[in-house]
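Notes to accompany the following structure.
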Amino acid sequence: MIGWLKSISGVLGPLLAVTAVVAFFALVDLALHGDNATFWSKQNLQSISVQNAYVAICALGMLLIIISGGIDLSAGAALALSATVFAWGLREDVAFLVAHGKNVAGAATALKSADDQLRSARDANDVDRTKRLLPEVARLRGELAELLQAKLSQLRSQLAPGDEPGGAGQRGIAEIKQAILDVEIENQPIAANPAWLRFLPNSPATAWLAIVMCVATGVGCGLLNGILIVTLRVVPFIATLGTMTFFLGLAMIVADETSVRPSALQIPSWLGEVAAVRPDPEWLLVSKGVWLALLLAALVAILLRYSVFGRHVFALGSNEATASLCGINVPLVKICVYALAGLLVGIAAVCFFARLNSGNPTAGTGLELKFIAAVVIGGGSLSGGRGTVLGTLAGTVIMGVIASGGTLLDLSNPTQYIALGVIVIVAVAIDQLRKTRNP
Amino acid sequence: MKMEGVCKRFGATHALRDVALEVRAGEILALIGENGAGKSTLMKILSGALAADSGKMMLTGHNYSPSGAHHARVAGVAMIYQELNLAPDLSVEDNILLGQECRQFGLLDRGAGRRIAKQALARLGHERLAPQTFVGTLSVGMQQVVEIARALASDAKVLILDEPTSSLARYDVDRLFDVLRTLRDNGLAIIYISHFLEEIRRICDRYTVLRDGRTIGSGSVRETSDAQIISMMVGREIAQLFPKVPHKVGEPIVHVENLCGRQLPVDVSFELRRGEILGIAGLVGAGRTELIRTMFALDSVRSGGIRIAGSRPPPSTRARIRAGMGMVSEDRKREGLALSRSIADNITYNRMAPYTRAGFINLRRRDAAAREWMKRMAVKASGPDQPVDQLSGGTQQKVAIARVLHQDADVLLFDEPTRGIDVGTKAEIYRLIGELAAAGKAVIFVSSYLPELLAMCDTLGVMSRGRLVAVRPVQDWTVEAVMACAITNDAIETDTLEIRKTSPPPLKETTT
């Protein structure tokens, strides 16, 4: 009976906490705004859930790491790096880049700079240079025209038969046709950032390739963390503190120190659904991104509870010496934990990008603390060996609800931050109290 | 300094019962006793780290009951622990004055401090040691000098040294003894704790023997023979709490060949047969635990190797487990068990394969197996899901042992399997070890409690300073012989610590 109650309390505790926080905001909202109360509305709940889907996914990875007795301060930076790589992949039309060795934008830029040189040479009456540059510019013109031709046929094949004449597809075809003509005219100057670039859709495979790159980046970040921690025996806190700025720097290189913004046509429409507040088939209730997070949560929960690997992760966090004594391959388990967390960060990065529609290298700064807070609010112990998926989800929701509820109640940002800080400390204090009560 | 009727209890166990001790100014008193006799507890009470439950202590004729380590030091009692208590990143001077800094107008008075530090060092005959040197750069011997200087700087009247020579090379030991003699002649009272009789003969005037938390005897070192002291240390009657299970010794299964660890053990070779219980005795720090850990590949191997049933498993714990070796750690809390995890987890950590398919565990089948083992080991718990940290010490030990039984190992290494558990559970564990031998398993049984080794083992080996000094059938040993072997160094003339200092053998991982 007591055992049953205990196992139930493990499930009920987080749910009760979430219910309490949601009820609090709903009631206060109702009291303040009466009929205009919006907190307990379908749309608000949908928006809270979709805003926090990526937090939940990253927090799942953080949960694995924290259970194993580690910590990952680089998660936010790794998230931004992965999202930036994803954005770069979309903007650069990677599938086209791989297939043709060059993409349209790149070819246009190359032509533009060669053409500019040619013009300045001509203005300076530098006959030698002009002679040298002429064939080069002609070659680049031909190349760009070829690439545009490839795009044109791709766009034609993508065009649905019923597409109305004034639609984006038709317009794109017309623009590209005009562009090809312009490019092939020998003396026609090239615009710095030609308007027709916006009408170029990506190759169909680009989005998938970009996702693979994004997830691989996440896994790579995790692997690097794990390998550093295992081989150099740097404590996780320090190792990931180092990789945090390392990843930030990498992301800035990828983004050329700004942020990577693919054009609207380059972002696949289904990506919007991942981050849409209203799900496309209405019966889904919440956005597809949220379902993705829930699916991953279920997978992680199963992994932790029913797999040998999961047991080893708990053993490692509870007592590393025991894990060694039992012949568990401690270094391998550690590397796997960090790589798995990296995988989750990579997946979360897709959702993260879907919300922002741009890859900003600094967008992840400080987010790692949010992921850690989610795990800790959910009963995870920073000394390892303890933590649950359900608790982590609850921690994510509580933080999301406070942010959203605070905004609705016109609480200022500072107040929200303070409330969040108090919640983290109270959650951990309650946990400590519970531990000392029944040792 | 005088103590009378001092008692201390930890839970149900009496650590000290009615202990009396007296040390006079200008003498060195040897405090002798087996591991666990209560020496450390007594000294902790004396130095204020613990409070006595009852009893009286007098210091220079006044009542003395320290409320903490600082109070004891102010009163003039200074303790030097086996593990030195120094801040390695501070200078010699800062370490000497730590906690008793000279102040003037609320600021540090460096000049006065340096004078005191220099004075203390001079009294020890080390006036040439620069007070600005960082302690971390000094040798262990010199660090000890700094500790003693700190005690002098606090104007100590009673100086307690706990096993001060355990980490010293022979040359440093000689210097330490010179220092101690000087201090004695200056009128300090010194309590010297050591296992080594030869050291006690060299330096101490009187002795007090402690056994099972009681004072057994005191007297002049010169007028007492080694044999008398040893029999006072161990003279315990072996009760019938050792259930005998008849078992037959079979063919050899483990061969250890010239095994050397990073520091300990040193060049250990022996053979272990099926159905044999091999006891390993020795003092704390003799390298018994290190021998077992090296055999189990938890510590790295410097040279030499091990054969199990003819094969040479690679030096990883995983491979040793696969080769049929199992180990129960001496430290349940820090190594033996994942305390926050369930009983079932702890029992099955090293062998989940029977319940696993494609990396996923059938929890119901595993719990059923765990329940089976709990029943067989009489583990008292609410169920296999109960976290181990909610169990009593003896029950925890049963879980730790259940793990190697569940592993179905052929060679079992038990490191202090009965430490800190009650008599009833001890008897259960003895019976179990006998049964394991009867089932044809080979057992190594490390213990600091000699009676259990003499009662349980077929063969007994004694380790001293990293070496396995002698292995003989148990009937050829007496308690006195074991003690003599463990605390005198006749068997080995070379000091291993000095060897390490002068010619470190090349460090290489051997693929054994």
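The values are calculated or read from the model by the stated rules, or taken from the named source; none is laboratory data. Nothing here was measured: the structure is a model prediction, and the numbers come from that model. Here the Cβ positions follow ideal geometry from the backbone for every residue, glycine too, while neighbour counts run over all protein chains shown. Heavy atoms of the whole protein, side chains included, go into the accessibility calculation; ligands, DNA and RNA do not. Shrake-Rupley method; radii C 1.70, N 1.55, O 1.52, S 1.80 Å.
Output the peptides B:338-345, A:43-50 sorted from most to least packed, where packing is the average of other Cβ atoms within 10 Å over each peptide's residues.
B:338-345, A:43-50
Going toward the positive end of the dipole of chain A, with +1 on Lys and Arg Cβ and -1 on Asp and Glu Cβ, which of A:Leu285, A:Ser269, A:Ile65 do you reach last?
Towards the positive end, the residue furthest out is A:Ile65.
Suppose all protein chains stay in the model; what accessible area per residue would a 1.4 Å probe give for the protein assembly as shown, in Å²?
Computed with neighbouring chains in place, this is 45 Å² per residue.
Using unit Cβ charges (K, R positive; D, E negative) and no other charged atoms, how large, in debye to the nearest 20, is the dipole of the protein assembly as shown about its Cα centre?
For this selection, approximately 1360 debye.
How charged is the neighbourhood of B:Met43? Take every other residue with its Cβ under 12 Å from the Cβ of B:Met43, and add Lys/Arg as +1 and Asp/Glu as -1.
+1
Explain nothing, just compute: Karplus ³J(HN,Hα) = 6.51 cos²θ - 1.76 cosθ + 1.60, θ = phi - 60°, for every residue of the range B:186-198 in order, whole Hz, x for Gly and Pro.
My calculation for the range B:186-198 gives 7, x, 7, 9, 10, 10, 10, 9, 7, 8, 8, 4, 4 Hz in order.
Considering the dipole of the range A:81-188 built from charges on the beta carbon (Lys and Arg +1, Asp and Glu -1) around the Cα centre, which of A:Ser153, A:Ala121, A:Val183 is farthest to its positive end?
Ranked along the dipole, the leading option is A:Ala121.
Given a 1.4 Å probe and every protein chain left where it sits, what share in percent of the accessible area of chain A is carbon and sulfur?
66
Which of the listed residues, B:Leu124, B:Ser154, B:Thr215, is farthest toward the dipole's positive end in the range B:2-234, when Lys, Arg count +1 and Asp, Glu count -1 at the beta-carbon?
Of the options given, the answer is B:Ser154.
Quote the relative contact order of the range B:335-408 in percent (integer), defining contacts as alpha-carbon pairs under 8 Å separated by 6+ residues.
48
Considering only DSSP states other than H, G, I, E and B, which GluC sites (Glu not before Pro) in the range A:189-282 qualify as loop sites with at most 16 other Cβ atoms within 10 Å?
Counting only loop positions with at most 16 other Cβ atoms within 10 Å, the GluC sites (Glu not before Pro) in the range A:189-282 are A:Glu257.
Amide H to amide H, which residues 5 or more places from B:Asp331 or on other chains are under 5 Å from it, using H placed in the peptide plane?
It is B:Gly336, by chain and number.
Starting from the range B:208-293, pick out the GluC sites (Glu not before Pro) whose DSSP state is loop and whose Cβ has at most 14 other Cβ atoms within 10 Å.
Answer in residue order: B:Glu223, B:Glu237.
I'd like the mean, over residues of B:258-271, of how many other protein chain beta carbons sit within 10 Å of each residue's own Cβ.
0
Amide H to amide H under 5 Å from B:Gly217: which residues, 5+ apart in sequence or cross-chain, H placed 1.01 Å off N in plane?
Here the answer is B:Val209, since their amide H atoms fall under 5 Å of that of B:Gly217.
Please compute the net charge surrounding A:Val274, taking Lys and Arg as +1 and Asp and Glu as -1 over other residues with Cβ under 9 Å from its Cβ.
So the surrounding residues net to +1.
Counting other Cβ atoms within 10 Å, keep those with at most 14, restrict to DSSP loop, and tell me which trypsin sites (Lys or Arg not before Pro) in the range B:64-149 are left.
Of the trypsin sites (Lys or Arg not before Pro), the ones in loops of the range B:64-149 whose Cβ has at most 14 other Cβ atoms within 10 Å are B:Arg128.
Hey, got the average number of other protein chain Cβ atoms within 10 angstrom for residues in B:338-347?
Average neighbour count from other chains, rounded to a whole number: 5.
Nearest 5 is fine: what % of DSSP beta bridges in the protein assembly as shown come out antiparallel, could you say?
Counting only bridges with both partners in the protein assembly as shown, antiparallel ones make up about 55 percent.
Treating the beta-carbon of each Lys and Arg as +1 and of each Asp and Glu as -1, no other charges, what is the dipole magnitude of the range B:335-408 about its Cα centre, to the nearest 20 debye?
It comes to approximately 280 debye.
Over all residues in A:303-310, what is the mean tally of Cβ atoms on other chains that come within 10 Å of each residue's Cβ?
4
To the nearest 20 Debye, how big is the dipole of the range A:35-128 about its Cα centre, given +1 on the beta carbon of each Lys and Arg and -1 on that of each Asp and Glu?
So the magnitude is around 300 debye.
Give the long-range amide H neighbours of B:Ile280: residues separated by 5 or more places, or on another chain, with amide H under 5 Å away, using H modelled in the peptide plane at 1.01 Å from N.
B:Phe445, B:Val446, B:Ser447, B:Gly461
Determine the calculated [θ] at 222 nm for chain B from helices alone, applying -39500 (n - 2.57) to every DSSP H run no shorter than 4 residues and normalising by the residue count; nearest 500 deg cm²/dmol.
So the calculated ellipticity at 222 nm is -9500 deg cm²/dmol.
When Lys and Arg each count +1 and Asp and Glu each count -1, what net charge do the other residues less than 10 Å away from B:Arg419, Cβ to Cβ, add up to?
Net charge in that neighbourhood comes out at -2.
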